[in-house]
1. For region 89-102, state whether one or more residues are in contact with a Lys or Arg (Cβ under 7 Å, 6 or more places away or on another chain) and at pLDDT 70 or above.
2. Quickly run through region 22-38 and pick out the residues that are within 15 Å of GLU57 (Cα to Cα) and either part of a loop (DSSP other than H, G, I, E, B) or open to solvent by less than 40 Å² (accessible area, probe 1.4 Å) (or both).
3. Among the residues of region 39-56, how many are open to solvent by 30 Å² or more (accessible area, probe 1.4 Å) and either in a helix (DSSP H, G or I) or at pLDDT 95 or above (or both)?
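The values are calculated or read from the model by the stated rules, or taken from the named source; none is laboratory data. All figures in this text were calculated on a predicted structure; none of them were measured in a lab. All Cβ positions, glycine included, derive from the backbone under ideal geometry; neighbour counts span all protein chains shown. Remember, those area values only see protein heavy atoms, side chains included, never the ligands or the DNA or RNA. Shrake-Rupley method; radii C 1.70, N 1.55, O 1.52, S 1.80 Å.
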Amino acid sequence: MNLRDLLPQSIDSEYNQAVQLHKAGDVAHAEEHFRTVLKRKPNHVQTLLGLGSLLLEKGNTTEAKACMEKATGFIMNPPTLPGESLVGLAKARQKASRRSLLDDQFLS
């Protein structure tokens, strides 16, 4: 056994391996690799979409939908700063929206 066998794969190579396995029809191993990526990086959008697609093919529509919704949430409302939480971002957007509505009411 060499050192490479002991080190975890990079997230990108793990994801790419999952995609290749999925394309080759090895659904069980592809799912394992997708889930490994998500354990290390739960918000990896490409992996969420890949796993969602795989689960949909397997007929697991509930979990597939959850993966797809989580992925599209990040696509539609991405954090603007590294480390910024979605909750914090949503609150900031709500405040800005309220200020905008108040400005419209008083300036009209």
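1. Pass one, region 89-102, residues in contact with a Lys or Arg (Cβ under 7 Å, 6 or more places away or on another chain): none.
No - not one qualifying residue is present in region 89-102.
2. HIS22, ALA24, GLY25, ASP26, ALA30, GLU31, PHE34
3. If we filter region 39-56 for residues that are open to solvent by 30 Å² or more (accessible area, probe 1.4 Å), which is where we start, we get 39-43, 45-46, 49, 53, 56.
When the remaining residues are screened for being either in a helix (DSSP H, G or I) or at pLDDT 95 or above (or both), the result is 39-40, 45-46, 49, 53, 56.
Residues flagged as open to solvent by 30 Å² or more (accessible area, probe 1.4 Å) and either in a helix (DSSP H, G or I) or at pLDDT 95 or above (or both) within region 39-56 amount to 7.
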